[in-house]
Amino acid sequence: MTICRWLLLLIVIVQAGAASAVQASKANEQSTIARWTGEKICEMGVDAFYALSDPELKTMFERDTSMRYEDIPATPNDQERARITGQLMGYLMAACPEQLENYKNR
């Protein structure tokens, strides 16, 4: 192979690795969002949690996690929404099943 082909192959490998790392990071962030939300719903109840103002949520989220509140996707795509919702419902089912019904009925 010529040097150009090796460089092209190297660039493709590096880009694929970077994309994979971004996806893993997003999955970790989505897991953090779901777990934190589930913990707060279990502590406070569904209605009290969803009654919080954005400034209150921001303060709590940033205090309790290593993420910024702005990292939460405002308009998640279908895959992000499904992953976060699925993990949240799994957490509620395991930790506080009485709140799961309240969450589903919200």
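Pairs are defined by a Cβ separation below 9 Å, a sequence spacing of at least 6 or placement on different chains, a first member in the range 26-41 that is under 13 Å from Met93 (Cα atoms), and a second member that is acidic (Asp, Glu); the pairs so defined are Glu39/Asp64. Going residue by residue through the range 79-89, is there one that turns out to be under 16 Å from Glu29 (Cβ atoms), open to solvent by less than 40 Å² (accessible area, probe 1.4 Å) and among the polar types (S, T, N, Q)? Within the range 79-89, not a single residue is under 16 Å from Glu29 (Cβ atoms), open to solvent by less than 40 Å² (accessible area, probe 1.4 Å) and among the polar types (S, T, N, Q).
The values are calculated or read from the model by the stated rules, or taken from the named source; none is laboratory data. Keep in mind it's a predicted model, so treat the numbers as computed, not measured. Methodologically, a virtual Cβ is constructed for each residue, glycine included, from the backbone with ideal geometry; neighbour enumeration extends over all protein chains shown. Quick note on the areas: whole protein, heavy atoms, side chains included, nothing else; ligands and nucleic acids left out. Shrake-Rupley method; radii C 1.70, N 1.55, O 1.52, S 1.80 Å.
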